[in-house]
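All remarks here apply to the structure that follows.
The values are calculated or read from the model by the stated rules, or taken from the named source; none is laboratory data. On a predicted model such as this, the values are computed, not experimentally measured, just so you know. With ideal geometry, Cβ positions are generated from the backbone for all residues, glycine too; neighbour counts draw on all protein chains shown. Remember, those area values only see protein heavy atoms, side chains included, never the ligands or the DNA or RNA. Shrake-Rupley method; radii C 1.70, N 1.55, O 1.52, S 1.80 Å.
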Amino acid sequence: MTLDFSFVNPEFLRAWVLHGLWFSLLLTGVAALGGIALGTVLALMRLSGRAWLAQPATAYVNLMRSVPLVMVILWFFLLIPNQLYRTVAGEWGAAHAPEVSAFITFTLFEAAYFAEILRAGIQSVPAAQQQAGYALGMTYGQTMGLVVLPQAFRNMLPVLLTQTIVLFQDTSLVYAIGAYDLLKGFESAGRNFNRPVETYLMAAGLYFVLCFSLSLAVRKLQARVAIIR
Amino acid sequence: MIEIQNVSKWYGSFQVLADCTTTVKKGEVVVVCGPSGSGKSTLIKTVNALEPIQQGDIRIDGQSLTAPGVNLPRLRSRVGMVFQHFELFPHLDVMQNLTLAQMKVLGRGPDEARQRGLSMLDRVGLSVHKDKFPGQLSGGQQQRVAIARALCMDPIVMLFDEPTSALDPEMVGEVLDVMVQLAQEGMTMMCVTHEMGFAKKVSHRVLFMDGGRIVEDCTQDAFFGDPAARSARARDFLSKILDH
Amino acid sequence: MIEIQNVSKWYGSFQVLADCTTTVKKGEVVVVCGPSGSGKSTLIKTVNALEPIQQGDIRIDGQSLTAPGVNLPRLRSRVGMVFQHFELFPHLDVMQNLTLAQMKVLGRGPDEARQRGLSMLDRVGLSVHKDKFPGQLSGGQQQRVAIARALCMDPIVMLFDEPTSALDPEMVGEVLDVMVQLAQEGMTMMCVTHEMGFAKKVSHRVLFMDGGRIVEDCTQDAFFGDPAARSARARDFLSKILDH
Amino acid sequence: MAFEWQELWCKDTVDGTVGACLGQDGGQTYLTWLLSAWGWTAVVSAVGLVVALSLGSLMGVLRTTPSRAAVGLGNVWTELFRNIPLIVQLFLWFFVAPAFVGALKAWPSWLLAGVGLGLFSSARISEQVRAGIQSLPRGQTHAALALGLTRVQAYRHVLLPVAFRVVIPPLTSEGMNLVKNSSVAFAISVLELTQFARQVGEETSQHMEVYAVVTALYFVSAFSVFLLAHFIERRVRVPGVAGGGR
Amino acid sequence: EDTIQKIKSTGVVTMGVRESSGALSYTIGDGRFTGFHVEVCNRVLADLRRELGLAEFAIRYQPVTSQNRIPLVKNGNVDIECGSTTNNLARQKDVAFAITTYVEEVRIAVKANSGITGINQLNGRTVATTTGTTSVQHLRKHERATGVDFKEVFGKDHADSFLLLESGRADAFVMDGSILAGNIARAKNPADFKIVGEVLSVEPIAIMFRKDDPAFKKAVDASIINLIKTGALARMYEKWFLQPIPPTNSRIGLALNDATKAAWANPNDNPMESYVKK
Ligand SMILES: Nc1ncnc2c1ncn2[C@@H]1O[C@H](COP(=O)(O)OP(=O)(O)OP(=O)(O)O)[C@@H](O)[C@H]1O
Ligand SMILES: Nc1ncnc2c1ncn2[C@@H]1O[C@H](COP(=O)(O)OP(=O)(O)OP(=O)(O)O)[C@@H](O)[C@H]1O
Ligand SMILES: [Mg+2]
Ligand SMILES: [Mg+2]
């Protein structure tokens, strides 16, 4: 197999890759933060012991986990008319409908996964810790916010970040609604230069470097914030 | 100070507490003992409403726990509690463990909370460790910090749930010493423990539980001094834990 | 039976065992005690090569553990070991716990293994529980099953690592009873324990460890009868665990 | 509505006549095509599951052994397969790998897709299996070795049976992900559900209808994995252990 | 909804474009799109502004895929789609088309040294085509009609399909002539490939927009007729299909076919079904 990388130069990378890379990173960041926030609420609902809170949360999580993300992205984008984006966010909203839609969909979808991780994290904190919080006179909110969740997050940090790496790779699914992510940059260059093998190899390399550095960073971070036991 | 009146509790169809009644007066030290699973922990947890009860009533300083609209956090902050596994907050250092609830529950300022924390830490002999994390302390030290943490809230009564049973044998002494001192200073205390030496030394009364019931409730003189008057179950239990 | 010769061991740069030497003769019961972290568990685990050593030599029945090509599984099967947290296999019922190693290691048939298992279970008084899972037994019962499991392998020596320290106080007795009986039947035993009553009753020798060293190695008469002749560290330790 | 339904699904895929919904005289309707596409989704997922579970477990186990070489192999494997997007991996297996390993060219694309999908998931499963094993008290290993079991026997009879029970929930999730990820197989010419949706949506111009049905079938497939895992979890639940019936 | 009204009130028109539809509509990176149809649309929109006296409006490019282009036009996300959409009856139920601007011929590309000259020689061979295109249907029909039996492999996009041919996984690539020509032109070695055989089908390609908006359609059609009359459309064809084009500056080299000439000579918006082979 002969490879031809002659089309690759700094200008190529700027024009084809940079924009998508930025969008993928931004989408990952927004969806991770939003998903963790919403996921925490879902996890707390599931653990509340009250059926009217737990059941809707469980149903939501199971539904999201059973449908391919690309379908969720597609449905969400197609079913919401452009007019709504325009009404809510004006011309900017209408112009960035796919991106806005991606931010919302990814957040909603990832929340289901983060909820499961956080549920496990909260359960990994001994129940007596919660009781110790109450015994000191703290309210439910204080106990959760100051005692249980900080521990749950630290215990689950590696899993949360692994899921974030998955999320970063999944941002490529926005191809379904025409948003432009990192992989799209390589793919579309591959098509228009008719060098798909070369661009896929470059994509594999770049993804590997990014994701692997992220997981190394996670390990470092984990050592720093780990609870001394 | 603590009035427990006909308290019953069930987990599903399983009855953990059956019609328990007793009173702990101000300044009194009461030891609770009994076989595993007899409901000791459950009983002591109902006293600050960590476990809800289905029947009966509990009053702390005259205030019923089951009254509608009772401010449970407020009430709990006046009842200190020490757990078997210490339950220090592992992600906070010792000083933060001591000041967190003071600031969030009692609304004390950081300086005041810190000062109170330091003096309590001093009392359990651990001032030098104030900046360490729980994981960096031995079990005995952790339990003493846990006692200090409870004391910071100026409790009117202290509850202990097997405070020494998770400790290495050589560390049991240092924790009991702190508890003895507290008792001698007149703190109202309710302790689940199997340390009969401690019971003999400072307790005023002993409760013996079995199968969710308070089977014996008598002065420590009667409990240790007059075994013949005790129930068969209590005698059997005592012989097991005092023997080997 | 067990010869430990100048054994040293490091975790990284941290020395856990420093030049430990002792011998356990056939039929002898040796108790190992000492403060937490002094290396007791590590020492006992080196005896059946669960922890590798960096210096020195250990021989069981004349066979060196460090000799090249030694069949460790074979050797370990002849050394019974009982752990602090029982370590029964939670997914197997009691009978399966007892027969697994007999069949896989000793190559016994299912019937023979079962029979041997039943008789050992009978010996620790638990035949009726043979079909239960470990999670359905009390701590004391689990530890007795663990002893039975070790005995099924017809060990020539038994190692115990704090077999009662994870137990509720009222269950300590039932486990110690089994151990006393074993000792009286002439089993060679090496026990890490803080149960000084047990030590006084059946041990022939006591080792006291501190900081990875065997600080004291003397007959139990000398250890308990002549405190003045003991090191300051050992006296201090003894006073702590015997006092309260 | 019912008419439109028939109009879409009972149409012959070649001449466009609407007739018997399951096709006649060797003809194919969109319904029979849909069913065969679902079948291919199932095949690819099944191959993927087998590969992912076996290799993932193996790598997870290797990473818990005392051997540095084994741990290293497991680590490299895991990092390699989890840090490159699946679609890129499949592309490389299909177009690039055969240039180096000629035999791959003879593999049918469903097999290549299943194996590629399995390799990708094996990295995640290896993480979970490793975590499961490491969550067991070290005493369990010691107890097994102390009874004279070899290390392999200790894994086989003690560590893995318990570790697998511990990791059933995350494995379930991964199994569901795998089924959903099988949709990427369309990229290397497997006629599965996503391929069907793209092609038939285009042919019939009824994208929404086609996507709705395909989404539902994915849901059913992934949820069956969930139900199956749930069933297994209950079957292997150990009495006396938290969550186990007494 | 009235598109002209919408453009007036928002000052923006959203143009649906394709990422890589041969020379018709594709990206040159940096979020920019170009191609024959994109240029046609730009001219049409400029005419619209002039004719209707609209204020200055912005053009926003919205990349679409073959799966989502019709829903997007229907739900208002896209005002005018300038990709490579075939005008057919099924689609006319959902959307409307402008006058046909280009007529595509489905052809066969093979390796130059393969000796294959027509579809009938493909018996027992492997044929590549792209998922989500009408070519798949043509192949199926052909297979049924002639009894010729070939294996099909599907690329997820044209570049993949071409790679199937290039890497030897397929013996032929059946696709729109302009796509085949474009891929060959950009291949590492264009001389290795050639387009052979009969025209398997012809398809009118047209600009697409919302249904039931006669005013908009009228304006667009008028503009296109004007482009045809003035020869501007032919010049644009020349520019995109016969001259070097970005990003690689290669020349597609596909002469204007007879079907397109006929469509320009007699402007119409007939669907594909009316082009059935005589
Ligand atoms: N959350 C629960 N759900 C169901 N049963 C429970 C729960 N918590 C405790 N129990 C049961 O209630 C009984 C009393 O438990 P409790 O913890 O009060 O006993 P205890 O006397 O403190 O025993 P120990 O000495 O072992 O601490 C036990 O049989 C226990 O199994
Ligand atoms: N895997 C390990 N890595 C590093 N240090 C270890 C490890 N295992 C044990 N240690 C250290 O070795 C020392 C001896 O441990 P060991 O468990 O033998 O003590 P012990 O006397 O049994 O204590 P205890 O009474 O608490 O069981 C301790 O300081 C311990 O922290
Ligand atoms: Mg208790
Ligand atoms: Mg130890």
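Using a 1.4 angstrom probe on heavy atoms only, work out the carbon and sulfur share of the accessible area of the range A:10-228 in %.
Heavy-atom surface of the range A:10-228 belonging to carbon and sulfur, 1.4 Å probe: 73 percent.
Suppose R0 equals 30 Å. What FRET efficiency, 1/(1 + (r/R0)^6) with r the Cβ-Cβ distance, do residue E:229 and residue E:9 give to the nearest 0.05?
0.40
Quick check: from the Cα gyration tensor, does chain B come out rounded (a/c under 1.5), prolate or oblate?
It is oblate, given that a/c is not under 1.5 and a/b is not larger than b/c.
Name the residue farthest towards the positive end of the dipole of the range D:39-236 from the options D:59, D:103, D:187, assuming +1 on Cβ of Lys and Arg, -1 on Cβ of Asp and Glu, about the Cα centre.
Most positive-ward Cα: D:59.
Averaged over peptide B:15-25, how many Cβ atoms belonging to another chain are found within 10 Å of each residue's Cβ?
Rounded to a whole number, the mean comes out at 0.
Return the sequence-ordered ³J(HN,Hα) values of the range C:165-181 in whole Hz as given by the Karplus equation 6.51 cos²θ - 1.76 cosθ + 1.60 applied to θ = phi - 60°, using x for Gly and Pro.
Per residue, the Karplus-derived 3J(HN,Hα) values read 7, 9, 9, 4, x, 6, 9, 4, x, 5, 6, 4, 4, 4, 5, 4, 4 Hz.
Cα gyration tensor of the protein assembly as shown, axes a ≥ b ≥ c as square roots of the eigenvalues: rounded (a/c below 1.5), prolate (a/b > b/c) or oblate?
Judged from the Cα gyration tensor, the protein assembly as shown comes out prolate (a/c at least 1.5, a/b above b/c).
Counting only protein heavy atoms, what percent of the accessible surface of the range E:139-278 is carbon or sulfur at a 1.4 Å probe?
Summing carbon and sulfur atoms, their accessible area is 53 percent of the total for the range E:139-278.
With charges set only on the Cβ (+1 for Lys and Arg, -1 for Asp and Glu), what does the dipole of the protein assembly as shown come to about its Cα centre, in debye to the nearest 20?
740
Placing the label point 7 Å from Cα along the Cα-to-Cβ direction, what are the distances from residue B:115 to the equivalent spots in the other copies, shortest first, in nm to one decimal?
Shortest to longest, the spacings are 8.0 nm.
If you place +1 on the Cβ of every Lys and Arg, -1 on the Cβ of every Asp and Glu, and leave all else neutral, what size is the dipole of the range A:10-228 about its Cα centre, to the nearest 20 Debye?
480
Along the range E:115-126, what does the Karplus equation 6.51 cos²θ - 1.76 cosθ + 1.60 (θ = phi - 60°) give for ³J(HN,Hα), rounded to whole Hz, x for Gly and Pro?
For the range E:115-126, the Karplus-derived couplings read x, 7, 10, x, 5, 5, 7, 8, 3, x, 9, 9 Hz, x marking Gly and Pro.
Go ahead and set up a Gaussian network model of chain C, Cα springs under 10 Å, then flag whichever of C:61, C:210, C:226 fluctuates most.
The residue that fluctuates most here is C:226.
Accessible area of the range D:39-236 with a 1.4 Å probe: how many percent of it is carbon plus sulfur?
Its accessible area is 71 percent carbon and sulfur atoms.
In the range A:10-228, if the dipole is taken from +1 on Lys/Arg beta carbons and -1 on Asp/Glu beta carbons about the Cα centre, which of A:123, A:158, A:172 is farthest to the positive end?
A:123
Helix-only estimate, please: 222 nm mean residue ellipticity of the protein assembly as shown, summing -39500 (n - 2.57) across DSSP H runs of length 4 or more and dividing by its residues, to the nearest 500.
Calculated mean residue ellipticity at 222 nm is -15500 deg cm²/dmol.
Using alpha carbon centroids, what distance separates the range E:177-204 and the range B:193-208, in Å?
Rounded to whole Å, the Cα centres lie 96 Å apart.
Where the label is 7 Å out from Cα toward Cβ, how close does residue C:226 come to the same position in every other copy, in nm, shortest first?
4.8
In square angstrom, what is the accessible area per residue of the protein assembly as shown with a 1.4 angstrom probe?
With all protein chains present, the protein assembly as shown gives 38 Å² per residue.
How shielded is C:85-94 by partner chains, expressed as the average number of their Cβ atoms within 10 Å of its Cβ atoms?
If you average over the peptide's residues, the count of other-chain Cβ atoms is 6.
Taking +1 at the Cβ of each Lys and Arg and -1 at the Cβ of each Asp and Glu, which of C:169, B:203, B:159 sits farthest along the dipole of the protein assembly as shown towards its positive end, judged by Cα position relative to the Cα centre?
C:169
Counting protein heavy atoms only and a 1.4 angstrom probe, how many square angstrom of accessible surface do chains C and D bury in total, to the nearest 100?
For chain C against chain D, roughly 2100 Å² becomes buried.
Quick query: amide H of residue B:56 versus all other amide H atoms, modeled in the peptide plane; which residues come in under 5 Å with a sequence gap of 5 or more or a different chain?
B:8
Under 1.5 on a/c is rounded, so check that first for the range B:1-74, then, if it is not, pick prolate when a/b is larger than b/c and oblate when it is not; a ≥ b ≥ c are the square roots of the alpha carbon gyration tensor eigenvalues.
oblate
Of the listed peptides C:125-131, B:39-45, A:28-34, what is their order by residue-averaged count of other C-beta atoms within 10 Å, with the highest listed first?
Per-residue mean Cβ counts within 10 Å order the peptides as B:39-45, A:28-34, C:125-131.
Highest mean first, what order results for C:9-18, B:171-180 on Cβ atoms within 10 Å?
B:171-180, C:9-18
How far is residue B:132 from the same spot in each other copy, in nm, shortest first, if each label point sits 7 Å from Cα toward Cβ?
4.0
Using amide H atoms built 1.01 Å from N in the peptide plane, name the residues 5+ places from residue E:153, or on other chains, whose amide H lies under 5 Å from its own.
E:127, E:128, E:129
What is the mean number of Cβ atoms from other protein chains located within 10 Å of the Cβ atom of each residue in peptide E:23-35, rounded to a whole number?
Counting Cβ atoms of other protein chains within 10 Å of each residue's Cβ and averaging gives 3.
For the range D:177-185, what does the Karplus curve 6.51 cos²θ - 1.76 cosθ + 1.60, with θ = phi - 60°, yield as ³J(HN,Hα) per residue in whole Hz, taken in order and with x for Gly and Pro?
Computed from phi, the couplings for the range D:177-185 are 4, 4, 4, 5, 5, 4, 4, 5, 4 Hz.
Taking amide H positions as placed in the peptide plane 1.01 Å from N, state which residues far from residue B:16 in sequence (5 or more) or on other chains have amide H under 5 Å from it.
B:9, B:10, B:11
Roughly speaking, what is the centre-to-centre gap between the range E:60-96 and the range E:212-262 when only Cα atoms are used, to the nearest Å?
Distance between centres, Cα-based: 19 Å.
Going by average Cβ density within 10 Å per residue, which order do the peptides D:144-156, D:68-80 take, highest to lowest?
Ranking, from highest mean packing down: D:144-156, D:68-80.
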